[in-house]
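Handing you this structure, nothing more for now.
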Amino acid sequence: GDLDKVVNLLLSLSGRLARVETALSSLGPHAPAEDKMALQEKQQLLVAQLEDAKELKEHVGRREEAVGAMVARYLPAEHLQDYRHFVKMKSALITEQRELEEKIKLGQEQLRCLRESL
């Protein structure tokens, strides 16, 4: 459960940071300084939060290793291999699901913009 939460947090923060960086890069040279400052502050905050989330993921990883060592004492080798595969795949699938959701959102936004421009 913690792994799910941390992976989702990392993906969410990464996505938000990417959107802020895109907004910053799309600001024209005549954009108000207040807008640029607000986006830069948001960017700095998200970078700090992302670093904290990475530390949290490392902590969860260490705890996962400890749990894996305990589980290894009680499961036969075949079941232990299945358990490890499940944990790895769960993270990968969460990441893939989140990326697909982001692509869908982007596609919907692009479609909306195209419709508005027509």
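The values are calculated or read from the model by the stated rules, or taken from the named source; none is laboratory data. Quick caveat, the model's predicted, so the values are computed rather than measured. Don't worry about glycine lacking a Cβ; one is built from the backbone with ideal geometry, like all the others, and counts go over all protein chains shown. We work out accessible area using only protein heavy atoms, side chains counted, and drop any ligands, DNA or RNA first. Shrake-Rupley method; radii C 1.70, N 1.55, O 1.52, S 1.80 Å.
Please identify, among A77, A18, A66, the residue showing maximal mean-square fluctuation in a Gaussian network model of the chain using a 10 angstrom Cα cutoff.
Looking only at A77, A18, A66, the largest GNM fluctuation is found for A77.
With all protein chains present, how much of the accessible area of the chain (probe radius 1.4 Å) comes from carbon and sulfur, to the nearest whole percent?
Carbon and sulfur together cover 57 percent of it.
Which residue, A31, A72, A48, tops the fluctuation ranking in a GNM of the chain built on C-alpha contacts under 10 Å?
Looking only at A31, A72, A48, the largest GNM fluctuation is found for A31.
Still on this structure, please answer the following. What's the tally of Lys pairs in the chain whose alpha-carbon atoms lie under 14 angstrom apart, where the two lysines are 8 or more places apart or on different chains?
Taking the Cα cut-off of 14 Å, the pair count is 4.
Could you give each residue of region 3-16 its phi-based ³J(HN,Hα) in whole Hz, using Karplus coefficients 6.51, -1.76, 1.60 with θ = phi - 60°, and x for Gly or Pro?
4, 4, 5, 5, 5, 5, 4, 4, 5, 5, 5, 4, x, 5
What length, rounded to one decimal in nm, is gained on full extension from L80 through to K54, with 0.36 nm per residue of separation minus their alpha-carbon distance?
Full extension of this stretch gives 6.7 nm more.
Taking the Cβ-Cβ separation of R112 and V47 as r and a Förster radius of 41 Å, what is the calculated FRET efficiency to the nearest 0.05?
Once rounded, the FRET efficiency stands at 0.90.
Estimate the FRET efficiency between M37 and E102 by the formula 1/(1 + (r/R0)^6), using the beta-carbon distance for r and 30 Å for R0, to the nearest 0.05.
Given R0 = 30 Å and the Cβ-Cβ separation, E is 0.65.
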